Amino acid sequence: MAWERGKLRLQRALSGLLDIPKDVMLDLPKVTLTGNVVMVLENHHGILEYGESRLRILVADGQIEVVGEQLVLKTILPEELVIEGRIAQLNYVR
Amino acid sequence: MLRQWWLFWLGFLRIRVEGENLEKFINLASSRGVPLFDVSRKGGDRLSGQVRLDGYRSLRHVARRTNSRMRIERRSGFPFLLVPFKRRRSLWVGMLLFVAVLYALASLVWSVEITGAVRLDKQAMQEQVRSMGLRVGAWKPLIDTRQAEQALLAANPELEWVGIKLEGTSLIVELQEKILPSVPVPGATHMVAAKDGVVQRVLVLVGQGVVEEGATVVRGQQLIAGVLKQEAKEQERPDPKGKEPKEKAEEMIFVQAKGEVWAKVPYQVRLNEPVALEGKLPTGQVSGHWRIKWGEREMLIYGSGKSPYPDFDQSVTVMPLSIWRNLQIPVELVKVEFRELRPFRQERSREEALATLTEQARQQIRKSLSPGARIVKETVVTEPAALGHVQVRMDAEAYENIAMPQPVDRSVPPG
């Protein structure tokens, strides 16, 4: 019994020690919102739909839908997207 | 901010894309490493964005593959600013010419300055320097300063050192003259007394001694005559009134009298000073102002016009402004400095005052002695003085050489 408990404790300590961010491990998107004005999206896989009021972006495990007004793609880099405008909604579509 | 700056220098285009698959266009562009900026949708099949100038070429490829048309709306950035300049060939020629002319003119000597000519004639030195090729308008690479220095030194034995250096377009010739031994008075000379005194010892090297030991002489009196008379022995004692100079002229030999006449010379110094010293000392506080002077008009440009101290000492420095080398404008910069003074009073005892006064008197006497002299007797007398003052009289007797050369005036009969 004492042996089992010790093992569990060691596992926890190790996972804490080797704490690798999920977006790097699993290629998940990382969204940073500054108010409703700027949105930075890392790890995107391409744009599916682009309109002034609706944006759909392909990510690793689904799509991210941005709804708003006057949406402008400020920068498009292979890994990063910057969207400016008045963002109203952020939907995660599987 | 930094990226904006970079973009400006690289140049960027605003493009308009029309087509069915605009999303694909964006994806392809970004996957090819062509970043698009400020992309915004203009209606259903239209899109407007900005792209870097170097990415435009590969973007055309993308447009062909996605069946979209691309048009350039606006060009901006430094490469496009340059375009009109590229066409104006005369502008380029002018710029190059300007640099070339500037370089050519900078490699000429534009001014020659000679410093350090004190005894030497400056005009002659300028002439000499010019004849060596160091003139205004000379080509700098042709000037061998080392060689010119050597040549100048060789040509002028009065010079100890010559330094020639080029500072920009000005050539600076620095001269250092030799310190020559004092030039002896040419022609025949007598030795006369430089000071009053009682002759102690006469040492005649050249000439005819006319004073004896023990004689009292006054300043200017002849001690050793530079005129020798070969004839009669009675002429040894000079007595000009009894002689006819015409008769004797033939027998006279003119020489440069040499010798030493040591005499006891009395000195007296009387000094008076208050017991307590009073005076003014600078406190170290300094303030001042700058003025611009134009003809008669003056204008304050910095600081206050009046001294902030009740008691002060002021110094005025006038700096003429020069535009370039010798070109002057009639404007002067005047700097006035006020130094604050503070009165001080040093209390001394009577004895202290007397001691310092005696020392002062001694120093004063020493200063007027000729080299090699020594004080043989010294008496200090304290004299009555006004209240709060001390007075000292120092009598000293120095043993010194009083002989001094003086040219013989041949028009006057010897005596």
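The values are calculated or read from the model by the stated rules, or taken from the named source; none is laboratory data. Since the model is a prediction, treat every value here as computed from it, not as a measurement. Methodologically, a virtual Cβ is constructed for each residue, glycine included, from the backbone with ideal geometry; neighbour enumeration extends over all protein chains shown.
Observations on the model:
- Odd one out for B:Lys306 among (1) of a type in the set (Lys, Arg); (2) in contact with a Phe, Trp or Tyr (Cβ under 7 Å, 6 or more places away or on another chain); (3) part of a loop (DSSP other than H, G, I, E, B): (2)
Yes or no, residue by residue, for (1) under 30 Å from B:Glu378 (Cβ atoms); (2) loosely packed, with under 11 Cβ neighbours inside 10 Å:
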site	(1), (2)
B:Lys306	no, yes
B:Asp311	no, no
B:Ser349	yes, yes
B:Thr358	yes, no
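- Tallying residues that are over 18 Å from B:Ser30 (Cβ atoms), outside any strand (DSSP E or B), more than 9 Å from every other protein chain (Cβ to nearest Cβ) and of a type outside the set (S, T, N, Q) within region A:33-85 yields 3.
- Residue match in region B:24-34 (condition: in contact (Cβ under 8 Å) with a residue 40 or more places away in the chain and over 60 Å from the mean Cα position of the chain (by Cα)): yes
- Meets criteria (surrounded by 11 or more Cβ atoms within 10 Å (Cβ to Cβ), at pLDDT 85 or above and among the aliphatic types (A, V, I, L, M)) for B:Val218: no
- Any hit, region B:271-288, residues being touching a residue at least 24 places away in the same chain (Cβ under 8 Å), surrounded by 15 or more Cβ atoms within 10 Å (Cβ to Cβ) and closer than 30 Å to B:Gly197 by Cα: yes
- Qualifying residue in region B:20-29 (condition: within 14 Å of chain A (Cβ to nearest Cβ), in contact with a helix residue (DSSP H, G or I) (Cβ under 7 Å, 6 or more places away or on another chain), within 24 Å of A:His45 (Cα to Cα) and among the aromatic types (Phe, Trp, Tyr)): yes
- When region B:3-41 is filtered for residues that are modelled with pLDDT of 90 or more, among the charged types (D, E, K, R) and under 15 Å from B:Arg74 (Cβ atoms), the ones remaining, listed by number, are B:Arg14, B:Arg16.
- Residue satisfying condition, being surrounded by fewer than 18 Cβ atoms within 10 Å (Cβ to Cβ), over 22 Å from A:Ile57 (Cα atoms) and either within 13 Å of chain A (Cβ to nearest Cβ) or over 60 Å from the mean Cα position of the chain (by Cα) (or both), within set B:Leu7, B:Leu2, B:Leu13: B:Leu7
- Test: residue in region B:50-62 that is away from chain A (no Cβ under 14 Å), part of a strand (DSSP E or B) and either under 19 Å from A:Ile47 (Cα atoms) or over 60 Å from the mean Cα position of the chain (by Cα) (or both): no
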